[in-house]
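Engineer: Structure incoming, see below.
The values are calculated or read from the model by the stated rules, or taken from the named source; none is laboratory data. Bear in mind the structure is a predicted one, so any value in this text is a computation, not a measurement. Because the Cβ atoms are built from the backbone with ideal geometry, glycine has one as well, and the counts that use them run over all protein chains shown.
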Amino acid sequence: MNYREKGNKAFVNGEFETARQEYTKGIEVTPEDPRLWSNRAQTFIKLEYPELAVVDAVTARSLIEQKIISGEYEDADLALLCKSGWREAVALANCDGFELAARALERLFQIVNRRPVAGVDWNVWERERDRYFKKHYQDTMLLSSLGSDRHILIEQVGKICKFPSRGAYPWDFRSQERCTSESSASVQKLLEKISGKNIEVSLVSFPGVSQTQEFGIVATKNIKRGTILLDEKPFISVRAPGQLRCDFCNKSTSSKRFSCPKADCSEIFCSHDCFDKAWELYHRAICGKNLDSLYEIVNKESKSSGNSLLLVFKIFAIAKQRNICPLDIEEIKHLFPFQHSTAWFQHGLMAIDFYFELMKLLEIPVFDSRYEPWIYLTIYRKLKPNSTFLNPLTLTGQLYPIISLFNHHCDPNARCSDDVSKSIQRGEPFSLVPILSTRIEAARNIKKGDQVFINYTLGHDFSVLSVVGNTVKSSGSTKKTRQLLETTYGFRCKCSVCDSSSN
Ligand SMILES: [Zn+2]
Ligand SMILES: [Zn+2]
Ligand SMILES: [Zn+2]
């Protein structure tokens, strides 16, 4: 029995995880066989990962579509095209992408043009297309009646979308090894590079949380208020397409700039030093590439969400340059992956388009198992909640993998001491300079052994701050901040402030 036959057998027996594994092995051997992709798509639908089914169904379809269009095909090819087209539509609809689902069916109708195909009732499929369009129309009307308040949107969108919130995929063994005493030793090494001897990485647990342990930062001695605990430079930075900023550090390049010396590359840096660092980290993998197709997708997105796709792109470039799986990048291995369903509802399927473009640009074959779609989406989920410094005002974003280790408290004992956060905390006007490095300082005296917390909502998401004129203040522990913590970071805050306000 070959892998496909083994997969089929498991599928018929309802052993979908086994089927997924067999089809995946088959894809590594014969990636050009559309049947494997189409069958794995159906398996992902059964396993309730429609976002992964979309990628496989699209791949199956694109492998066979040309044959049908050119007219040189057999009945089995036509049946397979219909099957994968149907699966693509179902998967899209299960991701709440009803318009895309309807369009996928329309595309299929155009190519096949009601030719008789075994197992296909065109009348039924057309009714399904109409149902998708209707659902899309209803959703659009509902959303447009809600206005732009992010919090009302999240509440209402949460009610209409079926797509579940996601963390790690169950077969992701790296996620199971993410938070262990061995892994904390390697994270400790990363921390020591940028901090003094006042703090260390520790495994901590939170009352009433299903997850047993998480990383946290703990004081190793008594710390005086105002002490700088660490100073981290971003691991990677991104900016909205078209901005004249250094590709490595985000500094403005309007006065001083250094162009990549390669003749076919137009990337700009602020200095030779930044170019060298970018070259070492990721630029070799993308030097001279035209990124317009990526920027086109990013520009369709709401600003900060598009930026996080660009962060994923840079992480993939690093992995390509190191010739490893992106999940094995030492600097970000420890990040917690989370994606709330409402974010997926608004942006998720664009992320799939972005995946196909990114793979093309980096010249990675779609069957290279180190860069599979689930790995891409896991990286996406790691970066979304952890690149909390996405700044909607400067349209820049940074990833600080070590600052991400601090846990949240609504009345924290430490804080960012960069200029922007300081102004926010003091309620002063601040200038729109992208943050180039970020210090964390003790906000009060901290006792040896205490966990050190920062406030995730301060200076990270402007929608939970109250803006008066050009000054900004935190609104403390409110329903809105708790909602932000749940939908962006995936936890219900149980800190002492939230505890006392909910009682
Ligand atoms: Zn620079
Ligand atoms: Zn270059
Ligand atoms: Zn709280």
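Engineer: Of the residues 202, 184, 195, only one is surrounded by 16 or more Cβ atoms within 10 Å (Cβ to Cβ), of a type in the set (Ser, Thr, Tyr), over 26 Å from the mean Cα position of the chain (by Cα) and farther than 30 Å from residue 349 by Cα; which?
Structural biologist: On the way: 202 fails: over 26 Å from the mean Cα position of the chain (by Cα); 184 fails: over 26 Å from the mean Cα position of the chain (by Cα).
The match here is 195.
Engineer: Looking only at the range 472-493, count every residue that is farther than 17 Å from residue 150 by Cα and at pLDDT 85 or above and tell me the total.
Structural biologist: Matching residues across the range 472-493 total 3.
Engineer: Is it the case that some residue within the range 279-299 is assigned to a helix (DSSP H, G or I), small (Gly, Ala, Ser) and within 16 Å of ligand 1 (Cβ to nearest atom)? I'd like the intermediate steps shown before the answer.
Structural biologist: First, pick out the residues of the range 279-299 that are assigned to a helix (DSSP H, G or I): 279-286, 292-299.
Of the ones still in play, those that are also small (Gly, Ala, Ser) are 285, 293.
If we keep only those that are within 16 Å of ligand 1 (Cβ to nearest atom) as well, we get none.
There is no residue in the range 279-299 that is assigned to a helix (DSSP H, G or I), small (Gly, Ala, Ser) and within 16 Å of ligand 1 (Cβ to nearest atom).
Engineer: At least 3 residues that are crowded, with 18+ Cβ neighbours inside 10 Å and at pLDDT 95 or above in each: list the helices (runs of 4 or more DSSP H) lying fully within the range 329-446 that qualify. Write out each step before concluding.
Structural biologist: Working: elements: 349-361, 373-386, 419-426.
Result: 349-361, 373-386.
Engineer: Oh, and also: How many residues, within the range 273-299, are away from ligand 2 (no atom under 16 Å from the Cβ) and over 16 Å from the mean Cα position of the chain (by Cα)? Step through it out loud before you land on a result.
Structural biologist: Kept after step one, since they are away from ligand 2 (no atom under 16 Å from the Cβ), are these residues of the range 273-299: 293, 295-299.
Retained after the next criterion (residues that are over 16 Å from the mean Cα position of the chain (by Cα)): 293, 295-296, 299.
Residues flagged as away from ligand 2 (no atom under 16 Å from the Cβ) and over 16 Å from the mean Cα position of the chain (by Cα) within the range 273-299 amount to 4.
Engineer: Could you please give the count of residues in the range 201-250 that are in a strand (DSSP E or B), among the charged types (D, E, K, R) and within 13 Å of ligand 1 (Cβ to nearest atom)? So that I can check it myself, show each step before the final result.
Structural biologist: Going through the range 201-250, the residues in a strand (DSSP E or B) turn out to be 201-204, 214-219, 223, 228-232, 236-239, 245.
Still in the list and also among the charged types (D, E, K, R): 214, 231-232, 239, 245.
Now restrict to residues that are within 13 Å of ligand 1 (Cβ to nearest atom): 239, 245.
The qualifying residues number 2.
Engineer: Filter the range 243-272 for residues that are away from ligand 2 (no atom under 15 Å from the Cβ) and loosely packed, with under 14 Cβ neighbours inside 10 Å; which is nearest to the chain's Cα centre (by Cα)?
Structural biologist: The residue in question is 244.
Engineer: May I ask you to list the residues in the range 15-37 that are within 25 Å of the chain's Cα centre (by Cα) and over 14 Å from residue 367 (Cβ atoms)?
Structural biologist: Across the range 15-37, the qualifying residues are 17, 20, 21.
Engineer: Is there a residue being surrounded by fewer than 18 Cβ atoms within 10 Å (Cβ to Cβ) and of a type in the set (S, T, N, Q) anywhere in the range 88-100?
Structural biologist: no
Engineer: Quick check: is even one residue across the range 260-270 farther than 17 Å from residue 314 by Cα and either among the acidic types (Asp, Glu) or touching a Pro at 6+ places or on another chain (Cβ under 6 Å) (or both)?
Structural biologist: The answer is yes, given that some residue of the range 260-270 is farther than 17 Å from residue 314 by Cα and either among the acidic types (Asp, Glu) or touching a Pro at 6+ places or on another chain (Cβ under 6 Å) (or both).
Engineer: Something else now. Being within 16 Å of ligand 2 (Cβ to nearest atom), of a type outside the set (D, E, K, R), buried (at least 20 other Cβ atoms within 10 Å of the Cβ) and in contact (Cβ under 8 Å) with a residue 12 or more places away in the chain is the requirement here; does residue 313 meet it?
Structural biologist: Values: within 16 Å of ligand 2 (Cβ to nearest atom): yes; of a type outside the set (D, E, K, R): yes; buried (at least 20 other Cβ atoms within 10 Å of the Cβ): yes; in contact (Cβ under 8 Å) with a residue 12 or more places away in the chain: yes.
Yes: the conditions hold for residue 313.
Engineer: Scan the range 251-267 residue by residue and report those that are more than 9 Å from ligand 1 (Cβ to nearest atom) and either among the aromatic types (Phe, Trp, Tyr) or touching a Cys at 6+ places or on another chain (Cβ under 9 Å) (or both). If you could, list the steps in order and put the result at the bottom.
Structural biologist: Quick first cut of the range 251-267, residues more than 9 Å from ligand 1 (Cβ to nearest atom) only: 252, 254-257, 259-267.
Scanning the range 251-267 gives 252, 256, 257, 259, 260, 262, 264, 265, 266, 267.
Engineer: Check 145, 70, 175 and return the single one that is polar (S, T, N, Q) and under 26 Å from the mean Cα position of the chain (by Cα). Walk me through it before giving the result.
Structural biologist: Values: 145 fails: under 26 Å from the mean Cα position of the chain (by Cα); 70 fails: under 26 Å from the mean Cα position of the chain (by Cα).
So the residue among 145, 70, 175 that is polar (S, T, N, Q) and under 26 Å from the mean Cα position of the chain (by Cα) is 175.
Engineer: Among the residues of the range 1-46, which ones are among the hydrophobic types (A, V, I, L, M, F, W, C), out of contact with any Asp or Glu (no Cβ under 7 Å at 6 or more places or on another chain) and more than 23 Å from residue 81 (Cβ to Cβ)?
Structural biologist: Within the range 1-46, the subset among the hydrophobic types (A, V, I, L, M, F, W, C) is 1, 10-12, 16, 19, 27, 29, 36-37, 41, 44-45.
Add one more test, that the residue is out of contact with any Asp or Glu (no Cβ under 7 Å at 6 or more places or on another chain), and what stays is 1, 11-12, 16, 19, 27, 29, 36, 45.
If the condition is that a residue be among the hydrophobic types (A, V, I, L, M, F, W, C), out of contact with any Asp or Glu (no Cβ under 7 Å at 6 or more places or on another chain) and more than 23 Å from residue 81 (Cβ to Cβ), then 1, 16 are the ones that fit.
Engineer: Of the conditions (1) in contact with a Lys or Arg (Cβ under 8 Å, 6 or more places away or on another chain); (2) under 29 Å from residue 63 (Cβ atoms); (3) surrounded by fewer than 17 Cβ atoms within 10 Å (Cβ to Cβ), residue 285 clears all except one; give me its number.
Structural biologist: In the conditions (1) in contact with a Lys or Arg (Cβ under 8 Å, 6 or more places away or on another chain); (2) under 29 Å from residue 63 (Cβ atoms); (3) surrounded by fewer than 17 Cβ atoms within 10 Å (Cβ to Cβ), residue 285 misses (3) alone.
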